[in-house]
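The values are calculated or read from the model by the stated rules, or taken from the named source; none is laboratory data. The shown structure was predicted, so the numbers you read here are calculated from the model rather than taken from an experiment. Don't worry about glycine lacking a Cβ; one is built from the backbone with ideal geometry, like all the others, and counts go over all protein chains shown. For accessibility, only protein heavy atoms count, side chains too; no ligands or nucleic acids. Shrake-Rupley method; radii C 1.70, N 1.55, O 1.52, S 1.80 Å.
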Amino acid sequence: YLIALSPLFWALFEQSGSSLNIFPDQRVDRHLFGWEMPASWFQSVNSFWIITLAPIFAAVWVWLGKRGMEPSAPLKFALGMVQIGLGFIVLVYGAGRAGELTPMIFIILLYLLHSTAELCFSPVGLSSMTRLAVGSMTGLMMGTWFLATAAGNFIAAQIAKLTAGADPDHILTVYSWIGWIVIVAGLAAIPLSWAVKRLMHLDTLGDDVG
């Protein structure tokens, strides 16, 4: 179940290296106090949010875990999908003014939501593969996880092709579609996460920390 959700997540997240790398150069107002920020600098925004927020997320998970309130791995996956979809919707909302450049704050908010989504998805997925797999299949499951990630990168390339050379309205339409599709999928995964959690047999694995 977790591996099946992986390609859909990475297909959107990896837009940061393709279509979302071009969008700031062409459609974002990058002027700050009279200085024009290079579009390539936006590639570091995700790293900034990860470095800043990772300790906070770790502390929150531990705090919730001690109180028996930490979300399960499937629920974290669902929340991650909702957040990454919301990132695109925020960008579409900010860019919805015809003939105007998108304010810089909206691309930064997109990367904030994508970074919090990654913190709910990537480390949780990696730990779950080793934690849930039987010993003799740990290597196989890790390989399958990375194969699913590769599939997500392939889908990401197909999405990027839809935006290549397209006019801004078409690009925003693509972002809107993929954003809402993943949000709906994430919302549907929330009730499913409760059933999947029961199938994980966490009582035989110890406390759910992943």
Checklist line | Hits in the range 81-110 - residues which are aromatic (Phe, Trp, Tyr) and crowded, with 24+ Cβ neighbours inside 10 Å | finding: 88
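Table: residues versus (1) in contact (Cβ under 8 Å) with a residue 24 or more places away in the chain; (2) within 24 Å of residue 171 (Cα to Cα).
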position	(1), (2)
3	yes, no
21	no, yes
24	yes, yes
36	no, yes
43	yes, yes
54	yes, no
Check: Can you name the residue in the range 176-191 that is of a type in the set (A, V, I, L, M) and under 12 Å from residue 76 (Cα atoms) and is also most open to solvent (accessible area, probe 1.4 Å) among such residues?
Finding: 187
Notebook entry, point to check: What are the residue pairs meeting all of these: first residue in the range 56-71, first residue within 18 Å of residue 197 (Cα to Cα), second residue of a type in the set (Lys, Arg), Cβ atoms under 9 Å, and 6 or more apart or on different chains?
Noted result: 61/76; 70/76
Notebook entry, point to check: Condition test on residue 124, is it modelled with pLDDT under 95, open to solvent by less than 50 Å² (accessible area, probe 1.4 Å) and either farther than 14 Å from residue 189 by Cβ or in contact with a Leu (Cβ under 6 Å, 6 or more places away or on another chain) (or both)?
Noted result: no
Notebook entry, point to check: Would you call residue 152 out of contact with any Asp or Glu (no Cβ under 9 Å at 6 or more places or on another chain) and either open to solvent by less than 20 Å² (accessible area, probe 1.4 Å) or free of Cβ contacts under 8 Å to residues at least 12 places away in the same chain (or both)?
Noted result: no
Check: Looking at the range 1-79, what helices (runs of 4 or more DSSP H) fall wholly within it and have at least 1 residues that are farther than 26 Å from residue 148 by Cβ?
Finding: 19-27, 45-66
